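Colleague: Dropping a structure here in structure tokens format, bear with me for questions.
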Number of protein chains: 2
Amino acid sequence: MLAGVTSIAIIGTGAVGGYYGGLLARAGHDVRFLMRRDLEAVRERGLDIRSPGGDFVLSRPAVFAAAEDIGAVDWVICSLKATALSEARALVSPCVGPQTRILVLMNGLGIEEQFGEWFGRSRVFGGMAFVCINRGEPGVIHHLDYGRVSIGHLEDDAAQLRELQLLLESGGIEVASSPNLRYARWEKLCWNIPFNGLSVAGGGIGTRLIVEDEALRQTAEQAMREVVSVANADLAELGSRSRLDVDEVVRWMFLQTDSMGDYRTSMALDYVAGRPLEVEAILGEAWRRAKQLGVPTPTLAALYSLVRVADLRRRGLIQTIPTE
Amino acid sequence: MLAGVTSIAIIGTGAVGGYYGGLLARAGHDVRFLMRRDLEAVRERGLDIRSPGGDFVLSRPAVFAAAEDIGAVDWVICSLKATALSEARALVSPCVGPQTRILVLMNGLGIEEQFGEWFGRSRVFGGMAFVCINRGEPGVIHHLDYGRVSIGHLEDDAAQLRELQLLLESGGIEVASSPNLRYARWEKLCWNIPFNGLSVAGGGIGTRLIVEDEALRQTAEQAMREVVSVANADLAELGSRSRLDVDEVVRWMFLQTDSMGDYRTSMALDYVAGRPLEVEAILGEAWRRAKQLGVPTPTLAALYSLVRVADLRRRGLIQTIPTE
């Protein structure tokens with residue numbers, strides 16, 4: 001390994017994995033992308049990243065169809081969809097050697113714990129990307145706005161966390177530190193639950209309608225407030241002294257969303273494309289945690305139930321009333 | 001007018017108007033139906049009512065394409081969709097003579113007050129039908145279950161109300177008396193808001209999924225509890241001593257719905273057919289009343305916002321994210 005060059009496997013090259021892996025590859029790291037849908041397109045034309053921070057193309061990135069061909073690396077960044085969690089262990093394992101560390105860049109509460117059980121807790125990190133990003137035509141990623149990644153280590157090892165921070169920053173990625181992983185997970189859910197939820201429950205709508213329509217905006221805010229309540233109850237029960245400030249969260253999240261344009265959430269894009277939705281990772285686990293903790297979450301329950309129905313309906317797994 | 005025979009104009013012969021008008025015609029009353037969609041079919045083949053209480057056909061009912069041809073009657077039963085409220089005055093007026101009384105059998109809070117302004121308060125009655133009923137092919141009405149009508153007089157005139165009760169009972173219709181009209185309206189909304197709302201927000205689903213899925217059922221119950229809160233605040237402000245008992249309402253409404261089979265709500269049928277939804281009459285007015293009264297209704301707000309979006313989306317009035 002050359003000094004300063006790190007080998008990184010991107011397991012799951014969707015928009016998130018492609019974008020952050022692309023930034024790290026551009027910075028000179030040895031990045032190896034596992035990809036499916038875009039494999040042939042990227043082999044032919046490279047990986048094309050369009051970003052307000054500057055467009056760039058990786059003309060000959062190292063792309064792989066099988067994790068076995070990637071081999072052991074210094075870092076695995078697992079950016080699979082939460083709906084592919086059952087495949088994660090098999091896809092990550094071939095890339096894990098004795099020194100390998102793993103950054104889990106997926107939606108879901110308690111997902112790092114799952115990786116900790118599989119691979120040992122001391123090597124597992126979690127990351128939450130606050131980024132507006134979509135896949136375009138095969139081989140093209142549209143980065144629209146933001147990009148900060150909140151990171152944490154599963155055992156809160158500050159020294160190890162600092163290494164990950166330096167790695168990401170070497171790619172020009174903005175890194176935020178959170179009081180702890182759990183806090184960062186909840187912070188992300190504060191946005192994901194209302195906006196991913198309503199974008200699907202509304203039948204595939206963008207964020208602009210949600211923030212501009214009075215009743216939808218009120219519903220989004222109410223959902224966010226409920227998530228903060230669950231988050232704080234959860235953090236308290238886990239012994240964390242960190243708390244989310246509900247008014248500050250609402251103010252900040254809406255400020256960002258108001259200036260986001262008409263963003264299409266990842267869940268809405270999955271919905272209109274008929275792909276399985278991350279409904280349990282984003283909504284279901286928060287709803288179940290709220291039930292365990294006895295925190296009332298009527299709006300979360302409504303969104304969870306309706307997004308679940310939308311997921312099943314879109315994939316033909318429940319019957320709807322036929323048109324006349 | 002023959003003794004005991006009453007002339008009745010049914011303004012808006014959908015499922016509700018056709019069913020109750022059919023029962024009254026079968027009992028020998030002079031019932032005159034205003035209809036659009038089914039006019040030719042009924043002229044050719046009669047009005048065919050299929051009911052667990054006994055199928056029957058009115059082979060030559062008096063059907064009209066224009067209210068002007070109906071003339072003044074003893075009773076008008078206005079069973080238009082709430083979305084046709086703007087046409088109601090013009091359609092009802094030609095049938096109103098000095099002695100005519102009007103039963104408003106439509107969804108909506110405050111709708112009798114509107115009729116009272118148009119035609120004078122002393123002649124206006126409101127009715128809420130608790131009935132599972134769908135239109136079938138043209139000229140056919142499928143009555144599935146229930147059928148009770150709660151009635152009230154706009155000025156709470158008990159003697160006049162008794163006359164209406166006797167008229168309806170002469171057709172074999174079960175009549176319930178409510179403490180007052182407003183109470184009856186709210187009682188109906190306790191079912192309509194959760195079940196019509198979720199059946200549309202879920203993308204056109206029947207009642208069975210709503211009562212059998214844990215999260216959907218919880219959402220339906222929460223919405224119902226919120227409606228009861230608004231109802232009681234509203235009744236209190238209007239000086240009524242009547243109150244809905246929240247646990248009793250929940251118990252009773254779910255008991256009935258659990259035994260209903262997989263009922264398709266009128267709003268879900270309108271939704272899948274692309275017709276305008278009664279979203280303001282059923283959800284919007286309750287939501288606005290809750291806001292005025294300062295009653296928190298997160299689930300109602302979520303359902304209202306999502307049903308509104310579904311209505312606009314289904315009719316092509318808002319853009320959704322295109323499929324890839």
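Colleague: Going by the conditions given, is residue A:316 at pLDDT 95 or above, more than 17 Å from residue A:190 (Cβ to Cβ) and open to solvent by 20 Å² or more (accessible area, probe 1.4 Å)?
Modeller: no
Colleague: Sort out which residues of segment B:151-208 are open to solvent by 30 Å² or more (accessible area, probe 1.4 Å) and within 14 Å of another protein chain (Cβ to nearest Cβ), and write them in order of number.
Modeller: Of everything in segment B:151-208, just one residue is open to solvent by 30 Å² or more (accessible area, probe 1.4 Å) and within 14 Å of another protein chain (Cβ to nearest Cβ), namely B:208.
Colleague: If you go through segment B:149-161 one residue at a time, do you hit one that is part of a helix (DSSP H, G or I) and under 17 Å from the mean Cα position of the chain (by Cα)?
Modeller: no
Colleague: Would segment A:105-115 turn up any residue that is open to solvent by 40 Å² or more (accessible area, probe 1.4 Å), within 19 Å of the chain's Cα centre (by Cα) and in contact (Cβ under 8 Å) with a residue 60 or more places away in the chain?
Modeller: Within segment A:105-115 (the criterion being open to solvent by 40 Å² or more (accessible area, probe 1.4 Å), within 19 Å of the chain's Cα centre (by Cα) and in contact (Cβ under 8 Å) with a residue 60 or more places away in the chain), the answer is no, since none of the residues qualifies.
Colleague: A further question follows. If only one of B:234, B:245 is on the phi < 0 side of the Ramachandran plot, open to solvent by less than 20 Å² (accessible area, probe 1.4 Å) and modelled with pLDDT of 95 or more, which one is it?
Modeller: Checking each option against the conditions leaves just B:234.
Colleague: For segment B:9-35, name all the residues that are aliphatic (A, V, I, L, M) and either touching a Cys at 6+ places or on another chain (Cβ under 8 Å) or surrounded by fewer than 24 Cβ atoms within 10 Å (Cβ to Cβ) (or both).
Modeller: B:9, B:11, B:15, B:23, B:24, B:25, B:27 - these are the residues of segment B:9-35 that are aliphatic (A, V, I, L, M) and either touching a Cys at 6+ places or on another chain (Cβ under 8 Å) or surrounded by fewer than 24 Cβ atoms within 10 Å (Cβ to Cβ) (or both).
Colleague: Continuing with this model, one more query. So which residues in segment A:271-287 are free of Cβ contacts under 8 Å to residues at least 24 places away in the same chain and either crowded, with 19+ Cβ neighbours inside 10 Å or touching a helix residue (DSSP H, G or I) at 6+ places or on another chain (Cβ under 6 Å) (or both)?
Modeller: The answer is A:287, and nothing else.
Colleague: Taking segment B:307-319 as the region of interest, how many residues are facing another protein chain (nearest Cβ under 7 Å) and over 10 Å from residue B:279 (Cβ atoms)?
Modeller: Number of matching residues: 2.
Colleague: Hey, can you tell me all the residues within segment B:304-313 that are open to solvent by less than 10 Å² (accessible area, probe 1.4 Å) and without any contact (Cβ under 8 Å) to a residue 24 or more places away in the chain?
Modeller: Passing the criteria: B:305, B:309.
Colleague: Further question on the same structure: Can you tell me which residue among B:277, B:216, B:255, B:235 is assigned to a helix (DSSP H, G or I) and within 14 Å of chain A (Cβ to nearest Cβ)?
Modeller: Within the list B:277, B:216, B:255, B:235, the selection yields B:216.
Colleague: OK, next. Please state which one of A:206, A:197, A:261 is in the same structural domain as residue A:282 (by TED's automatic domain parsing), of a type outside the set (Lys, Arg) and touching a strand residue (DSSP E or B) at 6+ places or on another chain (Cβ under 8 Å).
Modeller: A:261
Colleague: Considering only segment B:261-274, state which residues are in a loop (DSSP other than H, G, I, E, B) and more than 10 Å from chain A (Cβ to nearest Cβ).
Modeller: B:261, B:263
Colleague: Further question: Does residue A:141 count as surrounded by 22 or more Cβ atoms within 10 Å (Cβ to Cβ), out of contact with any Pro (no Cβ under 7 Å at 6 or more places or on another chain) and over 28 Å from residue B:290 (Cα atoms)?
Modeller: So residue A:141 passes the test.
Colleague: A further question follows. Mind checking which residues of segment A:288-303 are within 11 Å of chain B (Cβ to nearest Cβ), open to solvent by 10 Å² or more (accessible area, probe 1.4 Å) and under 21 Å from the mean Cα position of the chain (by Cα)?
Modeller: A:288, the sole residue that qualifies.
The values are calculated or read from the model by the stated rules, or taken from the named source; none is laboratory data. Predicted model, so just to flag it, every value in this text is computed and none were measured. Heads up, the Cβs are rebuilt from the backbone with ideal geometry, glycines too, and the neighbour counts pull from every protein chain shown. Surface accessibility is based on the protein's heavy atoms, side chains included, excluding ligands, DNA and RNA. Shrake-Rupley method; radii C 1.70, N 1.55, O 1.52, S 1.80 Å.
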